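All remarks here apply to the structure that follows.
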Amino acid sequence: MGTDQTGRNSTIPDRSSREWCHEALTRLNAGRPESALDAARHAADLDPASEWAYRLISLAHERLGRDADALPAAEHAVDLSRGSWPGRVRLAAALRRIPGRWHEAAGHAALAARFAPERPDPEILVGDLALLRGDHADAEHAYRAALAEDPGHPQARVNLGLALLRWDRPRPHHDPAWPVDPRETGRVRRVLEIWTRQSRLLLALATVAVAACALLLDWGTRAQAGGFAAFVLVVALTVRQARRVGLWRYVPAMLRRDPWLGASVASAALSVAAYAAWLLLGLAPGTPPLLDPVWAGLAGIVVLGWPALAGVRAVAESWRGRPLLALAETARVQAAERTARRNTGVLLWIVLGRTWSVLVPLVGGALAVEPRAAVAAVAVPYPMVRGYLRARHRDDPWLPVAIGLVVLSAAACAAGGLLGAAWAWRIALGALGAAMAVFAARAARAWWRGGPGPWRASLIMCDLPMGADPSVALDTEVRQTFSYARSVVLACGDPLGPRVVGAVATVTSAGELRVIAETEAWEAIEADPRVAVFAADPLQRRSWVEVRGVALADSGVLRVTPKHVLIGEFPGRHQRR
């Protein structure tokens, strides 16, 4: 088989199964998953025992968005070669997209890390699974372990930055381990958000309208009647939305996992209670003047609770995690990874927001208490400027403008503190306001175009395809050696040191070794499945073969999946001395 101009398969009968696998991998890397799926299927048809072909079929389905179709092929690949670490990685990557299968995915990823501790991919997948559940400490540990093996791996760098930033996954309310479709919990989340938004907005408008009618137009009775009508409308709205929730048993856990969703729901409930108390307090005859501040405070809770929560969230999000360390990680690989470039720009905006939030109270405190304290403002933008220069990010023209305004504000603030000049203070305050205007314009532009904005929600994980590594093939010479060898040696690890035992080995059609070994080696293999099987060529008595791989027990024999194959020759007579 081959390909025509459309990428479809054409007949070229002399290709082997492994050649088709290489062709499928090439097409996947070229962004042609449909054509890669055809090539991988031809490889599986030519060699039904090729676990590599089934891994590529699974990966092609995943790239096409067919998560349900990707799982059976990945499971079949593991059945064909249980000790294959790429097979376990592929199966874990497929399982993590299936609701309720997160624990199975974590188990297979842990096995892959055990089978191949020298490879970064298993540890990266362990970190991704932890990051998706919000376990930032475990994710950071796994990514650093992967970077110890491959310091330049882009996925480990980008996702380590997210772990350092304590990034919230796209569905922070949903636990991947729950046996429920995330779309269902997402529907519940939307219902809760709609209820909080509608109830708070309706009560805020009703409060302003009732207060205006009662105080300005002297419509006390009619205003109170309208206020109670709004309250009844909110109750009806609450009952209607409550019927749409359905998954009530997951709601408490959703609110715990997503603190801002919980805060929003609690704020809406508080607004309803404050509005009811506000109406009842207004109805009470002969209310003493001492309760006027309480009446005004209840109205303030209803009207200003939502904007206040939004402001608190904006400040809290900018101060969550360690964005400078995260920026240092993503900036190292942004030249090679588009996700890294995107996240680098967002991280710079987060650092800018943190710097701005420091300058505002500093300027206000200096003006109110001690102007000379404003000299400290000159050092505030240093981390931001240093991070921007190190990142060398040039994709966002709005960013240097906002950074320049913040730096100008800090310098003018310091000058105002030293010189006591009013013009310097005006420049400082104006530059701070202009920086906020630039941020607002950049955010509005991103919202209008549907692109990534200057906020944490625009951060995304790096998700490169996993489990496509070629399997290790045993050629004719290796198969012949094991088929005719009179003595085979199995070497494995042991708590007391390396252990070597005699064995008998055969090679299956799938390229695995079936080894019968002494029972004393089985316990050691359960603790550490990495083994080496050695055999000498009995025909010429000069060559030897060593297969290093992963051994797993199966029906009284050890199935050894090769990871490395070494072939050498014994010394000749002239070398014996």
Exercise. Please name all residue pairs, on different chains or six or more residues apart, with Cβ atoms under 7 Å, provided the first residue is in segment 177-197 and is within 13 Å of Tyr250 (Cβ to Cβ) and in the same structural domain as Ala263 (by TED's automatic domain parsing) and the second residue is of a type in the set (Lys, Arg) and assigned to a helix (DSSP H, G or I).
Key: Val191/Arg244
Self-check item: Filtered residue count, segment 23-45, keeping only those that are part of a helix (DSSP H, G or I) and surrounded by fewer than 17 Cβ atoms within 10 Å (Cβ to Cβ)
Solution: 4
Quiz prompt | Any hit, segment 131-139, residues being surrounded by 22 or more Cβ atoms within 10 Å (Cβ to Cβ) and touching a Pro at 6+ places or on another chain (Cβ under 9 Å) | solution = no
Practice problem: Can you confirm whether segment 72-87 contains a residue that is surrounded by fewer than 19 Cβ atoms within 10 Å (Cβ to Cβ) and at pLDDT below 90? | Solution: no
Self-check item: The one condition in (1) crowded, with 16+ Cβ neighbours inside 10 Å; (2) under 21 Å from Leu270 (Cα atoms); (3) of a type in the set (A, V, I, L, M) that Val158 fails to fulfil
Solution: (2)
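Can Pro470 be described as touching a residue at least 40 places away in the same chain (Cβ under 8 Å), part of a loop (DSSP other than H, G, I, E, B) and either out of contact with any Pro (no Cβ under 8 Å at 6 or more places or on another chain) or not aromatic (Phe, Trp, Tyr) (or both)? Full working, then the answer.
Numbers: touching a residue at least 40 places away in the same chain (Cβ under 8 Å): yes; part of a loop (DSSP other than H, G, I, E, B): yes; either out of contact with any Pro (no Cβ under 8 Å at 6 or more places or on another chain) or not aromatic (Phe, Trp, Tyr) (or both): yes.
Considered against the rule, which asks whether it is touching a residue at least 40 places away in the same chain (Cβ under 8 Å), part of a loop (DSSP other than H, G, I, E, B) and either out of contact with any Pro (no Cβ under 8 Å at 6 or more places or on another chain) or not aromatic (Phe, Trp, Tyr) (or both), Pro470 comes out as yes.
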Quiz item: Any idea which of (1) part of a helix (DSSP H, G or I); (2) surrounded by fewer than 17 Cβ atoms within 10 Å (Cβ to Cβ); (3) touching a residue at least 40 places away in the same chain (Cβ under 8 Å); (4) within 28 Å of the chain's Cα centre (by Cα) is the one Phe439 doesn't satisfy?
Solution: (2)
Quiz item: Considering only residues of segment 293-322 that are in contact with a Phe, Trp or Tyr (Cβ under 6 Å, 6 or more places away or on another chain) and in contact (Cβ under 8 Å) with a residue 60 or more places away in the chain, which is nearest to Ser264 (Cα to Cα)?
Solution: Val302
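Going by what's in this entry, would Ala424 be described as free of Cβ contacts under 8 Å to residues at least 24 places away in the same chain, in a helix (DSSP H, G or I) and either farther than 24 Å from Thr344 by Cα or among the β-branched types (Val, Ile, Thr) (or both)?
On the way: free of Cβ contacts under 8 Å to residues at least 24 places away in the same chain: yes; in a helix (DSSP H, G or I): yes; either farther than 24 Å from Thr344 by Cα or among the β-branched types (Val, Ile, Thr) (or both): yes.
It is true that Ala424 is free of Cβ contacts under 8 Å to residues at least 24 places away in the same chain, in a helix (DSSP H, G or I) and either farther than 24 Å from Thr344 by Cα or among the β-branched types (Val, Ile, Thr) (or both).
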Exercise. Being aliphatic (A, V, I, L, M) and touching a residue at least 60 places away in the same chain (Cβ under 8 Å) is the filter here, so list the residues in segment 106-131 that pass it.
Key: Ala116, Ile124, Leu125, Leu131
Exercise. Please indicate, with yes or no, whether at least one residue in segment 536-555 is at pLDDT 85 or above, within 12 Å of Leu490 (Cα to Cα) and surrounded by fewer than 22 Cβ atoms within 10 Å (Cβ to Cβ).
Key: yes
Quiz item: Among (1) closer than 25 Å to Arg559 by Cα; (2) touching a strand residue (DSSP E or B) at 6+ places or on another chain (Cβ under 8 Å), where does Asp38 come up short?
Solution: (1)
Practice problem: Answer with yes or no whether Arg240 is without any contact (Cβ under 8 Å) to a residue 40 or more places away in the chain and under 33 Å from the mean Cα position of the chain (by Cα). | Solution: no
Quiz item: Would segment 64-73 turn up any residue that is in the same structural domain as Cys21 (by TED's automatic domain parsing), within 28 Å of Val515 (Cα to Cα) and touching a helix residue (DSSP H, G or I) at 6+ places or on another chain (Cβ under 6 Å)?
Solution: yes
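The values are calculated or read from the model by the stated rules, or taken from the named source; none is laboratory data. What you are looking at is a predicted structure, and each value in this text was computed from that prediction instead of being measured. Methodologically, a virtual Cβ is constructed for each residue, glycine included, from the backbone with ideal geometry; neighbour enumeration extends over all protein chains shown.
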